[in-house]
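Structure first, commentary second.
The values are calculated or read from the model by the stated rules, or taken from the named source; none is laboratory data. This structure is a prediction, so every number in the text was calculated from the model and none was measured. Here Cβ is always computed from backbone atoms with ideal geometry, including for glycine, and neighbour counts include all displayed protein chains. Ligands, DNA and RNA are excluded from the accessible area calculation, which covers all protein heavy atoms including side chains. Shrake-Rupley method; radii C 1.70, N 1.55, O 1.52, S 1.80 Å.
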Amino acid sequence: MHIQHHPLPCTSLGTQRTLTSLHFGRRGARPKVYIQASLHADELPGMLVAHHLRGLLTALENQGRLLGEVVLVPVANPIGLAQRIDHRPLGRFELATSENFNRHYPDLAEEAWQRVGAALGPNPDANIRRVREAVLAWLDEQRPCTELQGLRLLLLRLAADADVVLDLHCDFEAVLHLYSETACWPALEPLAAWLGTQTVLVADYGAGGQPFDEQLSGLWSQLRARLAAAGRHDVPLPQACASTTVELRGEADVDHTLAAQDAQAIVCYLHHLGAAQGDVAQPPPALRCAVTPLAGTELLRAPHPGVIVFVVPVGSRLAPGAHVADIVDPLSGQVTALTTQHGGVLYARTRERYACAGLEVAKVAGVQPIRSGSLLSA
Ligand SMILES: [Zn+2]
């Protein structure tokens, strides 16, 4: 393993932050797998998984069993990690801009299309190489002004030529679930199975806000879309990157047993990909859930203010009409039962127990699309 420290642009006099990446295997070896943790800086389970992965990857490397390249960024957001207000962490939005750290990533497909769209030809491997070179060259040319812009470009620079990208997040209180672009299935299915994922949410490109994982997989799906729109059906362009946001349960699920288990699941996937070699490889277990559309997620909101009392745990499989929580107004005595209209897996819920009117209290993964437009939360 070797460690690289990348300075971020200096936003304010006398202050400089650094992003640190850990590199395993030979540079340029394939497949390349990129893993980052805690881009939303107060979502810590991934940071602990990265710690356990570091040990497993170091052992594989020392035994000569790491065939691919793995880049691990255990602390993907040093800016957000330092932000606190009133003694509470604030790692989702940058205080200076109110921007979500996992939104506003540049449209890599557009940049690649401008540079090499016309040069893509009949050889799929040559096309992949051209696109990757174009994107890395564009990233190298950027001159970010602020540390947030610098952070986004640096993370993309480390990940843009990876075959697989895992962005480790978590929800408030949740079971393990995955988000990805539809184009990345079934490539990610063995990972989901080894992780014991209880919900998989897929959406076509454009789920909203340009998050990190979507720009990396979207590079390929959106270039294909441009080729198709131009009538160039004879130009093969494989989906050369499978990227996913892995939601490692809830914020408080920071636990050595769970983290070691998740790290081992990722190593099993590395074996499956051919990035690691040895006797750990095994067929993945059956996926524990159906792959459901992100547009099928039902958001249960508080219709009035009150105390939230959940009556079922996360992970519950609910029939249409099932009771999820009560909203209790102790001033009027009103108690409103929140129920799911469509049913599905209760995969995430708020960590708060007081709701202002309209608060998103719980999320249920249903099988039928019921939403359109921007599908991601703020
Ligand atoms: Zn997150």
Inset, instruction - Test His87 against the stated conditions and say whether it is on the phi > 0 side of the Ramachandran plot and away from the ligand (no atom under 14 Å from the Cβ). - result: yes
Inset, instruction - Please list, ordered by first then second residue, the pairs with beta carbon atoms under 6 Å, 6 or more apart or interchain, first in segment 29-44 and without any contact (Cβ under 8 Å) to a residue 24 or more places away in the chain and open to solvent by 10 Å² or more (accessible area, probe 1.4 Å), second within 11 Å of the ligand (Cβ to nearest atom) and not in a loop (DSSP other than H, G, I, E, B). - result: none
Legend entry - Close pairs (8 angstrom Cβ cut-off, 6 or more residues apart or separate chains): closer than 22 Å to Val246 by Cβ in segment 99-112, within 16 Å of the ligand (Cβ to nearest atom) and acidic (Asp, Glu) anywhere: Phe101/Glu94; Asn102/Asp167; Tyr105/Glu214
Inset, instruction - With a cut-off of at least 2 residues that are open to solvent by less than 20 Å² (accessible area, probe 1.4 Å), name the strands (runs of 3 or more DSSP E) lying wholly within segment 244-354. - result: 297-301, 306-310, 323-328, 344-349
Inset, instruction - Determine whether Ile85 is of a type in the set (Val, Ile, Thr), exposed (fewer than 13 other Cβ atoms within 10 Å of the Cβ) and over 24 Å from Arg143 (Cα atoms). - result: yes
Inset, instruction - Taking Arg351 as meeting all but one of (1) in contact (Cβ under 8 Å) with a residue 40 or more places away in the chain; (2) outside the structural domain of Asp213 (by TED's automatic domain parsing); (3) in contact with a Leu (Cβ under 7 Å, 6 or more places away or on another chain), write down the number of the exception. - result: (3)
Inset, instruction - Could you check Trp220 against (1) under 27 Å from Gly366 (Cα atoms); (2) open to solvent by less than 40 Å² (accessible area, probe 1.4 Å) and say which number it fails? - result: (1)
Inset, instruction - Would you tally the residues in segment 208-234 being in a loop (DSSP other than H, G, I, E, B) and more than 13 Å from the chain's Cα centre (by Cα)? - result: 7
Inset, instruction - Considering every residue within segment 50-57, establish whether at least one is within 16 Å of the ligand (Cβ to nearest atom), in the same structural domain as His272 (by TED's automatic domain parsing), under 24 Å from the mean Cα position of the chain (by Cα) and of a type outside the set (Phe, Trp, Tyr). - result: yes
Inset, instruction - Scan (1) surrounded by fewer than 19 Cβ atoms within 10 Å (Cβ to Cβ); (2) within 25 Å of Leu223 (Cβ to Cβ); (3) away from the ligand (no atom under 16 Å from the Cβ) for the single condition His104 breaks and write down its number. - result: (3)
Legend entry - Where a residue in segment 1-19 is in the same structural domain as Gln36 (by TED's automatic domain parsing) and over 16 Å from Arg54 (Cβ atoms) and its partner, wherever it lies, is open to solvent by 80 Å² or more (accessible area, probe 1.4 Å) and of a type outside the set (S, T, N, Q), with Cβ under 7 Å and at least six apart: Pro9/Cys145; Gln16/Pro7; Thr18/His5; Thr18/Pro7
Legend entry - Counted residues, segment 146-180 - those being open to solvent by less than 10 Å² (accessible area, probe 1.4 Å), more than 14 Å from the ligand (Cβ to nearest atom) and acidic (Asp, Glu): 0
Inset, instruction - Test Thr15 against the stated conditions and say whether it is in contact with a helix residue (DSSP H, G or I) (Cβ under 7 Å, 6 or more places away or on another chain), surrounded by fewer than 21 Cβ atoms within 10 Å (Cβ to Cβ) and among the hydroxyl-bearing types (Ser, Thr, Tyr). - result: no
Legend entry - Selection status of His169, within 17 Å of Pro45 (Cα to Cα) and in contact with a Ser or Thr (Cβ under 9 Å, 6 or more places away or on another chain): yes
Inset, instruction - Read through the list (1) open to solvent by 10 Å² or more (accessible area, probe 1.4 Å); (2) within 30 Å of Gln277 (Cα to Cα); (3) among the aliphatic types (A, V, I, L, M), then give the number of the only condition that Val70 fails. - result: (1)
